[in-house]
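Asker: Below is one structure. I have some questions about it.
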Amino acid sequence: MCLLAFLLTASCDGSKPLIKPKVEEPGPFPQADRPVATIISDRWSNEEARDRLNEAGEVMRKARIDKGMTVADIGAGEGYYTIRLAQKVGKDGRVLAQDIVPEVRDALAERVSRQRLENVSVKLGTPADPKLPENSFDRVFMVHMYHEIAQPYEFLWRLRPALKPGGLVVVVDANRSTQNHGTPPLLLRCEFAAVGYTQVGWEEMPSAGGYLATFQPSGSRPEPAAIRACAMGR
């Protein structure tokens, strides 16, 4: 016990620690002034039930998904949208499915392989960085997952370069508090605006359990230290 204390904290004679605990330096991005929902499942709802409501079909129509497009599905989970986006964009299009949980990523990769979706690739991201290639995507989908992003300002900042000119971020979420697995529309708009996005569309989407909002980068990407958190999440 004394040796362990000596190595990790302080020496046994009460002197100062020889090995100081590492202190994480605060990053340049502001913290979200709101609760962050926990990830409780890789499945938002039963796929058959969602198809009966034509959820993916309506979302893809409103997002103007077409043949040959390149789309990122962020927080893809079990792949409900990944599979349907792959069918919609066709053999000349591409879908990149991303998740931050290795086991979920691996299960989706197996599904993609099993269904022989040659226009789909599966990637592991991190909570604050989707790790998308620059200037690559016509659309970036974030369906029922935005409220789970713990570092929204850094995440959106790092996402911006991945969009092609005219590309859109498509957010589907519920109109309720973030701790209750939704995002109030005003909060969503504020957080995107803080990183230099303009909201270009918003529609009620009962079939998808909430609403659909679309955003486009505008102007230059702000410096991280210049971003101000939205004080409206509580």
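Asker: Which loop chymotrypsin sites (Phe, Trp or Tyr not before Pro) in the range 148-234, with loop taken from DSSP, have no more than 12 other Cβ atoms within 10 angstrom of their Cβ? Before the final figure, lay out the partial values.
Answerer: Details: sites: 153, 155, 157, 192, 197, 202, 211, 215; in loops: none.
Here no chymotrypsin sites (Phe, Trp or Tyr not before Pro) fit, given the DSSP loop and packing criteria.
Asker: Right, another one. If I take R0 = 22 Å and measure r between the Cβ atoms of residue 226 and residue 198 in this structure, what FRET efficiency does the formula 1/(1 + (r/R0)^6) give, to the nearest 0.05?
Answerer: Details: r = 17 Å, r/R0 = 0.78.
My answer for the efficiency is 0.80.
Asker: Treating only the Cβ atoms of Lys and Arg (+1) and Asp and Glu (-1) as charged, compute the dipole magnitude of the range 72-119 about its Cα centre; round to the nearest 20 debye.
Answerer: Values: 8 positive and 8 negative charges, 55 e Å.
Dipole about the Cα centre, nearest 20: 260 debye.
Asker: Taking loop as defined by DSSP and a crowding limit of 16 other beta carbons within 10 Å, which trypsin sites (Lys or Arg not before Pro) in the range 126-162 fit?
Answerer: On the way: sites: 131, 139, 158; in loops: 131.
Answer by residue number: 131.
Asker: Straight-line reach from residue 67: which aspartates and glutamates have Cα under 17 Å away, leaving out those fewer than 8 places along the same chain?
Answerer: Residue 67 reaches 58, 92, 118, 138.
Coordinate-derived values only; no laboratory data. Computed from a predicted model, the values in this text were never measured in an experiment. All Cβ positions, even for glycine, are placed from backbone atoms using ideal geometry, and neighbour counts span all protein chains on display.
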